[in-house]
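Report on the structure given below.
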Amino acid sequence: MKYVIAGYVFVLSLLFLYAVALLWRRRKYTRLVAAADAAVGSPGGVGPVGAVGVPGGVGAVGGPGGAGGAGGGA
Amino acid sequence: MSVQQQSPRAVWATRVIGLSALVGTVFTVWLGLWITPPDRTQGDLVRLVYIHPGVAWVALYVAFGLTFVASMLYLWPRTRSFFWDRLAASSVEVGVVFMVCTVVSGSIWGKPTWGVWWAWDARLTSTALLLVLSLGYLAIRRVPAEPAVRAKRCAFAALFVAVDVPIVHFSVVWWKTLHQGATVLNANLSPTIHGSMAWTLLLGFVSLTLVYVWMLLVRYRIAVLEDQLGSGELDVALAERRAEGTTPGPAPRPLAGADQTVEEVTA
């Protein structure tokens, strides 16, 4: 019976640990994307980009960041 | 760039699948360890049948089957989309976890049954090869490249890996091996297991498939966020480089001319 227990423990533990790792990674990436989004959108965060008016660049994506960038560049 | 929120329906579906997978797995373990009878030949060792074929089913047929289909759909010009690329990559990663479970639980079963942890048997060897090839796929995925180049490269790699799947399946038919033949997916499609053991085995298959689906959904979401973050970082880097190109910088250093020696320039 010890082999049976060992088999169940290994499989269930590995699946559980991987599931926890997946949830942790999802939370980490959600936060990273949100932080990057906030950085792009913040005034002055991408000042030089907005200042030079890169078409389709970060300023355009960030909206308010583009305006902030233009101000920073000026 | 902004965080693309999942729809409430998708969040709800993921949670329901996750909860169903958890409940199903708990029931499988309960039935497998306490309720089902021991086997006449193998005794209590037969209880490993409720998880080992289940994880093998997911790893071999579900995960790599989906990877194969998704890779084909990516390579087909009419259906080419990064959705298929992300789906294939997510499926391979989850499949590798199930493949490790398959190999290790099989080895644990093999020790008391065959007397050895490992034998270079056709089924075991082809399964180990599939695991190594899958790790190779994940390694290729991490090689830096343009997203389209990476996706195409990985799709071809997936097709190469998928060649091993039928070899694993038919290995017990083509060669006389230590590993037993298929219990459920045999040539006649007539399961050689009955009663509570058959129902518990079926529940194990369904539960572990649900576990896979839940993991796939979460892993796919991570892949979307990774791509979103990667493209955002690329946007910032490109914009910064463009900005550097147009902003007046320091005066260029003079090149070595006729009136300068190499020592003066390097100094």
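The values are calculated or read from the model by the stated rules, or taken from the named source; none is laboratory data. All values reported here derive from a predicted model rather than from experimental measurement. Here Cβ is always computed from backbone atoms with ideal geometry, including for glycine, and neighbour counts include all displayed protein chains.
Among the residues of segment A:1-22, those identified as within 7 Å of another protein chain (Cβ to nearest Cβ) and more than 18 Å from residue B:207 (Cβ to Cβ) are A:1, A:3, A:6. Going through (1) over 11 Å from the mean Cα position of the chain (by Cα); (2) of a type in the set (Asp, Glu); (3) within 21 Å of residue A:22 (Cβ to Cβ) one by one, residue B:93 falls short only on (1). The set of residues in segment A:11-44 that are under 17 Å from residue B:26 (Cβ atoms) and of a type in the set (Phe, Trp, Tyr) contains only A:16. Check segment B:193-202 and report whether any residue there is within 14 Å of another protein chain (Cβ to nearest Cβ), at pLDDT below 75 and either assigned to a loop (DSSP other than H, G, I, E, B) or surrounded by 11 or more Cβ atoms within 10 Å (Cβ to Cβ) (or both). No, segment B:193-202 contains no residue that is within 14 Å of another protein chain (Cβ to nearest Cβ), at pLDDT below 75 and either assigned to a loop (DSSP other than H, G, I, E, B) or surrounded by 11 or more Cβ atoms within 10 Å (Cβ to Cβ) (or both). Checked across segment B:99-107, the condition of being under 29 Å from residue B:226 (Cα atoms), under 11 Å from the mean Cα position of the chain (by Cα) and either within 12 Å of chain A (Cβ to nearest Cβ) or free of Cβ contacts under 8 Å to residues at least 12 places away in the same chain (or both) holds for at least one residue. So residue A:48 ticks every box in (1) modelled with pLDDT of 75 or more; (2) facing another protein chain (nearest Cβ under 7 Å); (3) over 22 Å from residue B:98 (Cα atoms) but one. Which box is left unticked? With respect to (1) modelled with pLDDT of 75 or more; (2) facing another protein chain (nearest Cβ under 7 Å); (3) over 22 Å from residue B:98 (Cα atoms), residue A:48 is out only on (1). Where helices (runs of 4 or more DSSP H) fall entirely within segment B:1-107, those with at least 2 residues that are surrounded by fewer than 20 Cβ atoms within 10 Å (Cβ to Cβ) are at B:8-30, B:64-75.
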